[in-house]
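Notes follow the structure.
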Amino acid sequence: MFYAVIFFSILVLLFLLWDVKKPPKFPPGPKWYPIVGCALQISELRLKCGMFCKVVDELAKYYINPYGLYGLKIGRDKVVIAYYSDTINEMMTNEDLDGKPDGIFYRMRTFNSKKGILVTDEDLWVDQRRFILRHLKDFGFSRAGMVNIIQHEASFLLEELREIVNEQGGKQAEVSMHDLFKVNVLNTLWSMMASKRYDRKSEEITDLLTMFFELFQNVDMVGALFSHFPFIRFIAPNYSGYNAFVESHQRIYTFLRREVENHRQTYGNYDMPRDLMDSYLREFDNPKRGEFFSEEQLLAVCLDMFLAGSETTNKSLGFAFLHMVRNPEIQEKAFAEIKEMIGVDRLPEWGDRVKLPYCESIVLEAVRMFMGNTFGIPHRALRDTRLSGFTIPKDTMVIACFRGMLMNSHDFPNPSKFDPERYLMDGKLKIPEAYNPFGFGRHRCMGDILGSNA
């Protein structure tokens, strides 16, 4: 018995020593402790800084290097933060880093398997991304086609604003900008996915917005506490966020299943698919369909489309108007440009965009200010590889920090200032090379078309 205890103690000691040992040439970062890695340091900074992007910013002050990245270990997960633009660009073009996280957090959100489009990789990602983009273009998901959908929603929004003004006396009104665009952005997406739009006052849209609010509150693509410490979901399911995560997804999937079933009952009545759901259902009937098509995949794709497109667009629009309220001179210049170039008697059209460089610069700056506090979808090393001269072991999570890319003073002088003029030179748009809020290449976010046009 004595020797068994000694042997077991030696094994535990060896494990603890192995658990804190960093791989050779791993990026610099905080000290690792057994079991938790550097989670305790991150938790302390989270209490001090609040937003996780500011935690990453704070760590960068101590551990960033000329190569623009540093390494963490949270629980059992090795994480590398790509901070500078050049490092993020190298990360995006390194095929060894084309994987997506494969832990319990990412599988549980899509029926305990890798499904959808946001956190899938390899053949599944290539096949489904190609199918989705090809068919969505038929329903408006192109730069020109999107304009028609957005114009339609803009007309409803203007009418709703007139009603609000009339209800408050007919001359001026107080309007909450925080949630103003949510319904219209959701309708823009939902029209392509399910040929449906909701009235702002309907009970159904109220319930749906509540579900999505809960979902966005409980979903962080960087991961939750139980994703880095899976065992904790059994010990503290509420504290770890596990229960809220499961319940919010269950409610969304119940709604989506109901809509898929409605389409299943009616899509055969039409010669051509009405929307993305119809396209998937028709593919189910194809005897030569690919191996990745299933109802669960369709549900996961719908969820991912909402996550990719709705929140970013809604928040960026809200940010734009918030900054124009705080800077009325910007609002006045934008209105003057609109009056001069297209007038006030019609909605803008696609061809008007080149005539409105100042208005577009406001959009660019609003997107920068919002996306500068976010992260890209995490990537995973498919095999041992190199990034900016450092070794990235297989299965390491690599995350692009947009704060380092979009809020640095080198590429964007005085980055905390809302300054549309930074994109203009001699009255024409000049976008900095570092401006890549939606990524680039084959990893460019599918929500780019909605986000940049809305």
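The numbers here are math on the coordinates, done by the rules we state, and not lab data. Every value quoted in this text rests on a predicted model; they were computed, and no experiment measured them. As a convention, Cβ positions derive from the backbone with ideal geometry for all residues, glycine included, and neighbour counts pool all protein chains shown.
Descriptive notes on the structure:
- Taking amide H positions as modeled 1.01 Å from N, with prolines and chain starts lacking one, the residues under 5 Å from Lys73 and 5 or more places away or on another chain are Cys38, Val79.
- Degrees between helix 357-371 axis and first principal axis of the chain (Cα, 0 to 90, nearest 10): 30 degrees
- Near the amide H of Thr391, within less than 5 Å, lie the amide hydrogens of Phe26, all on another chain or at least 5 residues away, with H placed in the peptide plane.
- Other-chain or far-sequence residues with amide H under 5 Å of Leu424's (modelled H): Lys430
- Overall form of the range 145-295 per C-alpha gyration tensor (a/c, 1.5; a/b vs b/c): oblate
- Helix-only mean residue ellipticity at 222 nm for the chain, each DSSP H run of n ≥ 4 adding -39500 (n - 2.57), per residue, nearest 500: -17000 deg cm²/dmol
- Karplus-derived 3J(HN,Hα) values for the range 57-69, using 6.51 cos²θ - 1.76 cosθ + 1.60 with θ = phi - 60°, are 4, 5, 5, 4, 4, 9, 10, 5, 9, x, 8, x, 7 Hz; glycine and proline are entered as x.
- A simple rule links phi to the HN-Hα coupling: the Karplus curve 6.51 cos²θ - 1.76 cosθ + 1.60 with θ = phi - 60°, which for the range 260-267 gives 5, 5, 4, 5, 4, 6, 10, 5 Hz, with x for Gly and Pro.
- Coupling constants for the range 203-215 follow from the phi torsions by the Karplus curve (6.51 cos²θ - 1.76 cosθ + 1.60, θ = phi - 60°), and in residue order they are 5, 5, 5, 4, 5, 5, 5, 4, 4, 6, 4, 5, 5 Hz; glycine and proline get x.
- The length gained on full extension between Arg129 and Glu340, counted as 0.36 nm times the residue separation minus their Cα-Cα distance, comes to 71.9 nm.
- Computed magnitude of the charge dipole of the chain (debye, nearest 20; Cβ of K, R +1, Cβ of D, E -1): 1280 debye
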